[in-house]
Amino acid sequence: MVLNPNVIVGFVGTYTKNESKGLYRINFNIVSGNIEKSNLAYEIENPTYLSIDKERHLLYSTCKIGEKSGAASFKYWQEKDKIHLINCILSEEKPPCHLSMSNDKQILISSNYHENKMLIYNTLDGLILSSPITGSHNGSSINTLRQEKPHIHCSMFTADEKYILSIDLGVDKLIVSSLKDNDLTQMKDLSYSFPAGTGPRHITYSKANPFYYVLSELTSELFVFKYDSKSEIPFKNIQTLNSLPKDYRGVKAGAAIRIHNNNKFLYTSDRGNNSLSLFFINQSDGSLIYIDTFSCKGDSPRDFQIDPTGSFLLCANENSDNISIFSINHTTGILTFIKSENIPTPTCIEFA
């Protein structure tokens, strides 16, 4: 099968409940904004979060097999519907919730919300090597239902790879660590403590400027940090603002955060408001200006992704079994709903 030059391949992670069987593959038309085809690419339990190595055509996924959980790697081909399992490392009782990779795609970081583990794996041409480096956190916070212990929700390298950042919802902290010669050291004096009960969830950064952005789940807030690798305090909080409209009084449940390819627009999703919010990024100081909030056209927008052309945003609505597709105005960042496609319990989207 030869793909139309206007069609790109994407992969959708899911929770394997209801109708879902595992990892799904989509053909997405970057001109029309249509998903022209979708199919089950590999049957596996709970591939809820994905990370991709486009150069080597490798896909990494969280997973559960039998009674054990961990991370799996796959080889994919643009023209083939199915993907090939390379290997999986299973060392946890409950599945991790997040994956990220180093710039050279040789190190895979897995974050486990339930087990308070950050596992750092070396990889070799898609093979996930055993004997990972393990990190964990200590403490709790004021929300007794959600913050009774550490809950690592997201971990990733800084852009310069000087540090590894872990966002811990359970202890309200951005925890900074260094990785040298396979030795992980937590830099407690460099970490940042959020206000009690914030519940930070995910982090991203600008590809053009030294600014990092954290979205909280429990309070639906955005925290803007200026990063200076040479400073005694490398992460300085320069702005805090709501990720939802000021008059919103309902349940707050911040979920995903991503920056547009042009580094001018930042988007967030919220599972309490079933919405997507747009912010303009000030290029000089990194601060955010709230622009608007849009219906996600579904239930529980756990994650979303922007296509490589920057023309479309695809939102994974877990509880309504659909991916909603929006066009993006390149000048304003405004989202316009196009259509919805049925995919069972989608939780994450990555383009090849």
Output the strands (runs of 3 or more DSSP E) that fall wholly within segment 68-183 and possess 1 or more residues being in contact with a Ser or Thr (Cβ under 8 Å, 6 or more places away or on another chain) and farther than 26 Å from L58 by Cβ, or say none. 173-180
From the options F312, F304, F337, residue that is more than 24 Å from H98 (Cβ to Cβ) and either open to solvent by less than 30 Å² (accessible area, probe 1.4 Å) or modelled with pLDDT of 95 or more (or both): F337
Could you list, ordered by first residue, the pairs with Cβ atoms under 7 Å in which the first is in segment 173-190 and touching a residue at least 60 places away in the same chain (Cβ under 8 Å) and the second is small (G, A, S), at least 6 apart or interchain? L174/S191; L184/G135; L184/S177
Determine, yes or no, whether T134 is crowded, with 21+ Cβ neighbours inside 10 Å and hydroxyl-bearing (S, T, Y). no
Mind listing whichever residues of segment 43-59 are more than 17 Å from L90 (Cα to Cα) and open to solvent by 20 Å² or more (accessible area, probe 1.4 Å)? K54, E55, R56, H57
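The values are calculated or read from the model by the stated rules, or taken from the named source; none is laboratory data. Just so it is clear, the model here is predicted, and its values are computed rather than measured. Ideal geometry is used to build each Cβ from the backbone, glycine not excepted, and the neighbour counts take in all protein chains shown. All accessible areas refer to the heavy atoms of the entire protein, side chains included, with ligands and DNA or RNA removed. Shrake-Rupley method; radii C 1.70, N 1.55, O 1.52, S 1.80 Å.
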